[in-house]
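A.B. asks: Following this message is one structure expressed as structure tokens.
The values are calculated or read from the model by the stated rules, or taken from the named source; none is laboratory data. What you see is a predicted model; the values in this text were computed from it and never measured. Don't worry about glycine lacking a Cβ; one is built from the backbone with ideal geometry, like all the others, and counts go over all protein chains shown.
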Amino acid sequence: METIKVQTVGVRKRSVLVSGHATSVSLEVEFWSALRKISISQNKSLNMLITEVDKSRSGNLSSALRVFVLDYFLRESQLMGFTSPHSTGPDSSV
């Protein structure tokens, strides 16, 4: 089994506008970077993307954003031909 090394820079709190209201969100730097890349790929502002996630969330916003980023990149990997970790085939042991 391959060992994956992850080195995080730390959590950053940023002020964002959600539905026109200022709030702060704490996320790891890697998630902020991923959200920025997603917003650029979708031609949306970061505030607009966060507002969309906020409207569909059921838990806290930071957690919802992390799940959104994970889901986005899982879907992207499926489009590139990688199998889903949720699949029930022979590769589902991952």
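A.B. asks: Identify all residues within the stretch 3-32 that are outside any strand (DSSP E or B), of a type outside the set (A, V, I, L, M, F, W, C) and surrounded by fewer than 13 Cβ atoms within 10 Å (Cβ to Cβ); write none if there are none.
C.D. replies: Thr3, Lys5, Gln7, Thr8, Gly10, Ser19, Gly20, listed by residue number.
A.B. asks: Being closer than 25 Å to Gly10 by Cα, exposed (fewer than 14 other Cβ atoms within 10 Å of the Cβ), β-branched (Val, Ile, Thr) and at pLDDT 95 or above narrows it down to one of Ile50, Ile40, so name that one. Walk me through how you get there before you give the answer.
C.D. replies: Numbers: Ile50 fails: exposed (fewer than 14 other Cβ atoms within 10 Å of the Cβ).
Being closer than 25 Å to Gly10 by Cα, exposed (fewer than 14 other Cβ atoms within 10 Å of the Cβ), β-branched (Val, Ile, Thr) and at pLDDT 95 or above holds for just one of Ile50, Ile40, which is Ile40.
A.B. asks: Can you tell me how many residues within the stretch 2-37 are of a type in the set (Ser, Thr, Tyr) and modelled with pLDDT under 95?
C.D. replies: 3
A.B. asks: Among the residues of the stretch 61-82, what is the count of those that are within 23 Å of Ser15 (Cβ to Cβ) and loosely packed, with under 11 Cβ neighbours inside 10 Å?
C.D. replies: Number of matching residues: 0.
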